[in-house]
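Below is one structure, written out as structure tokens, with a few remarks after it.
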Amino acid sequence: MPSTTEPQPILLSDYRPPDWLVDTVELDVRLHPSATRILARLSMRPNPAGRAGSPIVLDGDELVLKAVSLDGRALAGTAYVATPSALTILAPPQQPVLLEIETLLDPSANTKLMGLYRSSGTYCTQCEAEGFRRITYFPDRPDVLSVYTTRIEAERAEAPVLLGNGNLQESGEVEGTGRHYAVWHDPFPKPCYLFALVGGRLDRITEPFMTATGKEVELGIYVEPGKAGRAGYAMDALKRSMRWDEELFGCEYDLDVFNIVAVADFNMGAMENKGLNVFNDKYVLASPETATDADYANIEAIIAHEYFHNWTGNRITCRDWFQLCLKEGLTVFRDQEFSSDQRSRAVKRIADVRLLKSHQFAEDAGPLAHPVRPASYREINNFYTATVYEKGAEVVRMLKTLLGEENFRSGMDLYFERHDGTAATIEDFLTCFQDATGTDLSQFALWYAQAGTPRLEVAGHWDAAGATFTLDVAQTVPATPGQIDKQPMLIPLALGLVGEDGRDLPLQPAGGSNGAPGVVLVSEARQRFVFENVTERPRPSLNRGFSAPVKLVTDLSTQDLIFLARHDADPFNRFDAAQTLALGVLVDAARAGATPDAAPLVEALGAVLADPALDPAFIAQALSVPSEGDVAREIARDVDPDAIHAARLALRRAIGSALAEPLAGAFERFAVPGPYSPDAASAGRRALRNACLDLLATAGAGDGPARALGLFRAADNMTDRFVALSVLAHAVPAEREAALADFYAMFQGDPLVIDKWFALQAQIAEPGTLDRVRTLTAHPAFAMTNPNRVRSLIGSFAAANQTQFHRADGAGYDFVAQTVLTLDAINPQVAARLLAAFRSWRSLDAPRREAAEAALQRVSRTPGLSPDVADIAGRSLG
Ligand code: PHE
Ligand code: ZN
């Protein structure tokens, strides 16, 4: 129902414990395509910490109540109030009670993909954050922990596989009905957002796993029939994740089975339901012919992420949704560390920081900025953001930098010991590190409360006579919505002083160090750091490894940056020096509408290409200049995306021409022998070759176009084939249509590959793209009901095509706004995410700004909006 009055925001400061607790939940689920019946038996009792004498108030969402009874007796109509969104038992006895509730659902009509729905005929559930209330009435909040037993019954022909949380207790036939059932019991108390069930015709692969203490676990991955051959890499990643978590964090798995189910229709990446993870199949299925190296890396990371939630999220969960970063930031940090250990740490860090800057820094700089732990929200679905996830992970990483490896581990150990089986807060988390190490973390805690990317201005001064080097540091935290005045943050700044020969000089802070070795702690608005015994002019290498998520502004010259790009001992900063050079050149050129000066970059990249000691994957990262979005963020106001695109294209062409020979040489030299393997070393070689190919083809040099065509035709794997197709589509217009058609014909039966085909076309930086995207929405393979499809076609257009989404005539905005409105009636969560593509609208030049604002206004004024879209529209305009 569209509501006419604005719902009030939910405030962290209003938190109160629940009035009633639920100790056990017994669910009896009779699956049916359009009439699934749910019988819930809740053992409840008044919470001693709640308000005495309270009614029982349960959440619902679009529910149909069939029956309700208390302690075995049907309730009189006057004893309760039921609406689709709540069930209130008005005057329950203030003692333990058994509440039985029967609801009726239509899973086939559930296009929101929250609660119980069907994906390609498979029944599945999604309950985080507030989807359980779409299954039965329940106190749908993460601080109500219960032990669940679930009986699932279905037609055997329709759903031979029946899965639930925990361990399988019993299964069998329902005599003479063609139906069968399974009973699953999860002994670990959990919040309802971790509930899940699955029923369907699925193929599976299984493997045994022996935990560190010798417990046998059966691992299962379930996929659509015929796709089991593509689940092997996910299984391998799962086993490596389980071992890694034992070794690095002492976390062991705790049930007899661990199951993963891949579904084609899913709002997010994946979900950590206890013992039964449900995945977007994009993050499970891989074969060399259909998945790229990046897909393999994502599968590895997300399998690990969901698995790691078993301890950071499930065994210890969140008290309320404001604490979302407690599980997400920490678990992202853990999956990043896992991938770093499995692959190249430096390259992983570079990739993570690129993502952080493009998503989180952009979010932090616009109207949707919010703290890692928000203090209020209207729609929690809209807070599964880069800030909560990626910046949340950075905060944990800083904590580790601050405390050092061992102290960090002691704090984590204490956290697991103290809070296992409970719903915790950020304060609980930080207190463990304070208690374990005696460190005062009160200033550090500001990272959770203050939004905005801190800006660090650093100026260096070498005093030859005194042999000292002085760094003057000034920090500011920009104003963000609802937060005008900010306090200085505690910033762990890793650094080195690079000498003339390229090696680090000894780092000797005057008066001793205030941080770990190689780290100074910035804690004030202005601060001076003096280093002694600096006998030659050093070049400071600052924020090494991106030790803090800040915007760094230095007084380094172009020559200094070229030098650091050649010599810095810290690989991240070596990369970053080249990026900073490129960014400066691009900003100057875009502002002036001039041709960029490629010379410094050609020099720096030439040196990187010629360095035989470097990891190919690292060189590939260095060769990829900052994105158009990065440049736009740097320019910050009156942004003209066409000028940025032109500057970036010109720079890439200049690099491609000037370095044609070494690029073509590297393309040949790094050919990967033998059959495809997704390992990091092979993937790194492909990444480098393909970065070379891209620059060559863009420049029309070094036989680039012909090489791309050759690779497209001859590739034996999707990584090479898709890069070649992208290069042809973007840079070789004469080959574009034929190549796209060939690719479609080759892969039309493969939805995940066709997603790539849609996404690529949506990203072409040409005026015809909007019409192409419009036409593609009518393509038989496009469906508004499938989130992956919507994201690949519309999402790519809005978030990854700067020139065409931001067309000066506003047609890109109108198209996306209209699509958001259409989609809102089908899937509000996905619609709201799409609308967030407008988040940087205030930074654009006047015509675009006005057109974007008008489009947002049109969305905002549409009657009957979902809370999800209304919230994003309102905050974007606010
Ligand atoms: N909790 C999931 C994760 O980060 C994300 C998610 C949120 C999935 C909401 C579905 C719905 O692993
Ligand atoms: Zn997560």
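The values are calculated or read from the model by the stated rules, or taken from the named source; none is laboratory data. Here the structure is a predicted model, which is why all the values come from computation and not from measurement. FYI the Cβ positions are ideal-geometry reconstructions off the backbone, even for glycines, and counts take in every protein chain you see. Surface areas here come from the heavy atoms of the whole protein model, side chains and all, with no ligands, DNA or RNA. Shrake-Rupley method; radii C 1.70, N 1.55, O 1.52, S 1.80 Å.
Data overview
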item	result
Radius, Kirkwood style, for segment 589-663 when every pair of distinct Cα atoms is counted (Å)	13.2 Å
Of the DSSP H helices in the chain, those whose Cα atoms cover at least 24 Å axially and whose Kyte score averages -0.5 or more	324-342, 571-592, 641-658, 680-699
Virtual spin-label span in nm between residue 341 and residue 703, 7 Å along Cα→Cβ	4.5 nm
FRET efficiency, 1/(1 + (r/R0)^6) with R0 30 Å, evaluated for residue 487 and residue 858 via beta carbons	0.15
Size descriptor, Kirkwood hydrodynamic radius, that averages inverse alpha-carbon separations across segment 158-282, Å	15.5 Å
Descending semi-axes in whole angstrom, ellipsoid equivalent of segment 365-410, from the Cα gyration tensor	27, 10, 8
Segment residue 669-residue 470, extension gain: residue separation times 0.36 nm, minus the distance between their alpha carbons	67.2 nm
Accessible area (Å², per residue) of the chain, counting only protein heavy atoms and a probe of 1.4 Å	37 Å²
Length gained when the stretch residue 771-residue 536 is fully extended (0.36 nm per residue, less Cα-Cα span)	78.6 nm
The chain, dipole about Cα centre (Lys/Arg Cβ +1, Asp/Glu Cβ -1), debye to the nearest 20	1180 debye
Cα-projected label distance for residue 636 with residue 845, points at 7 Å along beta-carbon direction, nm	2.0 nm
Total formal charge among the other residues, if their Cβ is under 13 angstrom from that of residue 627, Lys/Arg +1 and Asp/Glu -1	+2
R0 of 56 Å, Cβ-Cβ distance residue 248-residue 79: FRET efficiency to nearest 0.05	0.55
Proximal charge balance of residue 617 [Cβ under 14 Å; K/R count +1, D/E count -1]	+4
Shape of segment 262-375, Cα gyration tensor, a/c cut at 1.5	oblate
Share of pairwise Cα separations in segment 839-878, more than 15 Å, in percent	37 percent
Per principal axis, descending, Cα span of segment 321-459 in whole Å	39, 38, 34
Of the GluC sites (Glu not before Pro) in segment 457-533, those whose Cβ has at most 16 other Cβ within 10 Å and which sit in DSSP loop	500, 524, 532
For the chain, the longest site-free run once trypsin sites (Lys or Arg not before Pro) in DSSP loop states with at most 13 other Cβ atoms within 10 Å are removed	216-502
In range of the label at residue 526: residues from segment 533-571 whose backbone nitrogen is under 20 Å from the point 7 Å along Cα→Cβ	552-556
Full-extension gain in nm, residue 744 to residue 594, via 0.36 nm per residue minus C-alpha separation	50.1 nm
Radius, Kirkwood style, for the chain when every pair of distinct Cα atoms is counted (Å)	28.8 Å
Rounded Å value of the spacing that divides the Cα centres of segment 372-450 and segment 486-537	26 Å
Estimated inter-spin distance, residue 43 and residue 213, nm [label 7 Å along Cα→Cβ]	2.5 nm
Exposure ranking of 180, 185 by accessible area [1.4 Å probe, largest first]	185, 180
